[in-house]
Amino acid sequence: MNRLLRQFMVNGTLRAGAMLVSVLLEALLVRALLPADYATWGVALSFSLIAIVLTQFGYQTSAIKIFARFRDGNTQGFHSALVGASMVWALAALLLLVIFAFAFGIFFPLETDPELFWAIYAMTITRGVNTALAEGMRGTGHIVVSASLGGLGQHGGLIRTLGFGAAVAVLYFTGALDLANALWASALVSLIASAIIVSVAVKAIPDQKKVSMASAISAIRTDLPSNIRLMSAQFLQLGSSRFAANLVGGALALGPALAPYIIAQQISQLLLAPLTVLNGAIPNLIIEAHARKDRDELEKIMRAASTVAFLASVIGCVILVSAGPGFFRLVFGPDQGTAYTFFLILVPGFLFNSYTGSAARALALLGEEHAYAVTSLFTALAAIPLYIIGGMFWNAAGLALVTSVVLIGQNIVYLMLVRARLGVHSHAMLDPRKIRPALRNLKRCQKNKVPR
């Protein structure tokens, strides 16, 4: 079995397991919380997933390259880079505290409990750091550590998700499960996972250079321009995402009406599971192909990955659509059959996202942060007014429709950008005669290290 296939299988198994556990966790939360509280949970999670872009300050993507730079132990200064990143994260956390103090009443107009403010803030800060550190481990080849302890996805990697699930279960069976405690549990699990990742990283990357304030600031300066561009692009991209739609729903005080829409999002995410897996498995491959200026190899890797992801997404879509509203009632409760309607509205957007593959991620990783940021800006400027109009006139159904339309439009632009800037196509191949060669190409790639 070749190296890439092993990396894909490891990453895929961990990611798929995390997503399935996440669905079960959401099912428990839907049943345990009041509809209004579950809607607030969905808005809080959406806020955290957008706000962590600020707290990470671009390190979620650049950490892969930073960790890779030091992984062989030939270049000293890894500990200084970690300290420098920590300093940036601390300043970003203070900035977010100020922003959140003003924004809380906007996105959570129905909530007055001060504990909720601090619980959402804690979840956001700890999860942001956890995600950035875990992504960095991909640069060292520690795929298992990254995919199991990371914060990407609804509740992160498999071990992190299981840890959060265990905490929720304890709270549930002791009668202490409420919205605030669920948020605190998520923050605690992120903190523990981050501590484990740091301990693994410092052992995996030797560094005898003494850490000083000067060396930490130097490390910050090295990556600051790229990080600012990445942060801006990622923030703007999320500004047009389903998370932004949830925040608009919260600001419009849709309350319990948001619940079935948020449930539909959880299931729709399963359609992106194959793409999420492949996005985690191929960063080093596309970085290396781009560094060699091998466009043919870059396109083969990206299109092969997109093809595999899209085919798997189509199979999952057929199964979920065939299952009907009964599936939603079975998993999330007898009153949640209406979530199926929202799911059908979201399906075109999520399937097209899978079809376009890793276009946006390639732009972020391969030096096109500026184009990525500008595109994301215009997409967000178009999407947010549409979310507001959709939510005002058609409530959660309007938000779902706009989400699907925005996903399609956004990914068309990313496809065009990848073609214009990188000179390659990244979308899936639909010709059956090309699918088998695509699979063989994934097996043929031998450039990445064996995952650990």
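The values are calculated or read from the model by the stated rules, or taken from the named source; none is laboratory data. Quick caveat: nothing in here was measured; it's all calculated off a predicted structure. Neighbour counts run over all protein chains shown; Cβ positions are idealised from the backbone, glycine included. Just so you know, the surface numbers come from the protein's heavy atoms only, side chains and all, with ligands and any DNA or RNA stripped out. Shrake-Rupley method; radii C 1.70, N 1.55, O 1.52, S 1.80 Å.
Go through region 317-333 and count every residue that is under 25 Å from the mean Cα position of the chain (by Cα) and at pLDDT 90 or above.
Here is the first cut: in region 317-333, the residues under 25 Å from the mean Cα position of the chain (by Cα) are 317-321, 328, 331-332.
Keeping just the survivors that are at pLDDT 90 or above gives 317-321, 328.
So the count comes out to 6.
Out of Tyr355, Tyr340, Tyr372, which single residue is aromatic (Phe, Trp, Tyr) and modelled with pLDDT under 85?
Tyr372
Quick check on region 418-425. Is at least one of its residues within 20 Å of the chain's Cα centre (by Cα), at pLDDT 85 or above, crowded, with 21+ Cβ neighbours inside 10 Å and not hydroxyl-bearing (Ser, Thr, Tyr)?
no
If you check Ala253, Ala195, Ala185, Ala219, which single one turns out to be over 30 Å from Val405 (Cα atoms) and out of contact with any helix residue (DSSP H, G or I) (no Cβ under 8 Å at 6 or more places or on another chain)?
Unique residue meeting the criteria: Ala195.
For the condition out of contact with any His (no Cβ under 9 Å at 6 or more places or on another chain), surrounded by fewer than 20 Cβ atoms within 10 Å (Cβ to Cβ) and either under 30 Å from Leu344 (Cβ atoms) or at pLDDT below 85 (or both), what is the one hit in Pro256, Pro260?
On inspection, the qualifying residue turns out to be Pro256.
What helices (runs of 4 or more DSSP H), lying completely within region 34-130, carry at least 3 residues that are farther than 17 Å from Asn227 by Cβ?
The qualifying helices (runs of 4 or more DSSP H) are 35-56, 78-107.
Under 7 Å by Cβ, and 6 or more places apart or on different chains, what pairs join a residue from region 281-305 that is farther than 13 Å from Ala359 by Cα with one that is open to solvent by 50 Å² or more (accessible area, probe 1.4 Å) and of a type in the set (Phe, Trp, Tyr)?
Every condition considered, the pairs that remain are Ala281/Phe8.
Consider only pairs whose beta carbons are under 9 Å apart and that are at least six residues apart or on different chains; among these, list those whose first residue lies in region 16-38 and is more than 19 Å from Ala147 (Cβ to Cβ) and β-branched (Val, Ile, Thr) and whose second residue is outside any helix (DSSP H, G or I) and at pLDDT 80 or above.
Val30/Gly333; Val30/Gln336
Any idea which residue in region 134-158 is modelled with the lowest pLDDT, counting only those that are within 11 Å of Ile197 (Cβ to Cβ) and open to solvent by 10 Å² or more (accessible area, probe 1.4 Å)?
So the residue we want is His142.
So which helices (runs of 4 or more DSSP H) are wholly in region 292-411 and hold at least 3 residues that are open to solvent by less than 10 Å² (accessible area, probe 1.4 Å) and closer than 23 Å to Ser22 by Cβ?
295-332, 339-356
Any chance you could count how many residues in region 189-241 are over 30 Å from Val170 (Cα atoms) and either surrounded by 16 or more Cβ atoms within 10 Å (Cβ to Cβ) or not charged (D, E, K, R) (or both)? Give the steps one after another, and end with the answer.
Here is the first cut: in region 189-241, the residues over 30 Å from Val170 (Cα atoms) are 201-241.
Retained after the next criterion (residues that are either surrounded by 16 or more Cβ atoms within 10 Å (Cβ to Cβ) or not charged (D, E, K, R) (or both)): 201-202, 204-208, 211-220, 222-241.
Matching residues across region 189-241 total 37.
If we only count helices (runs of 4 or more DSSP H) wholly inside region 131-246, which ones have 2 or more residues that are more than 17 Å from Leu25 (Cβ to Cβ) and of a type in the set (D, E, K, R)?
213-238
Consider only pairs whose beta carbons are under 6 Å apart and that are at least six residues apart or on different chains; among these, list those whose first residue lies in region 87-113 and is open to solvent by less than 70 Å² (accessible area, probe 1.4 Å) and whose second residue is not in a helix (DSSP H, G or I).
Within 6 Å, the pairs are Val88/Phe57; Ala92/Phe57; Pro109/Ala253.
Condition check ((1) of a type in the set (S, T, N, Q); (2) without any contact (Cβ under 8 Å) to a residue 24 or more places away in the chain; (3) under 24 Å from Tyr121 (Cβ atoms)) across all residues:
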{"residue": "Val144", "(1), (2), (3)": "no, no, no"}
{"residue": "Leu158", "(1), (2), (3)": "no, no, no"}
{"residue": "Thr161", "(1), (2), (3)": "yes, no, yes"}
{"residue": "Phe173", "(1), (2), (3)": "no, yes, no"}
{"residue": "Ser186", "(1), (2), (3)": "yes, no, yes"}
{"residue": "Ser218", "(1), (2), (3)": "yes, no, no"}
{"residue": "Asp223", "(1), (2), (3)": "no, no, no"}
{"residue": "Gln234", "(1), (2), (3)": "yes, no, yes"}
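Here are Leu272, Leu278: which of them is closer than 25 Å to Ala397 by Cβ and within 24 Å of the chain's Cα centre (by Cα)?
So the residue among Leu272, Leu278 that is closer than 25 Å to Ala397 by Cβ and within 24 Å of the chain's Cα centre (by Cα) is Leu272.
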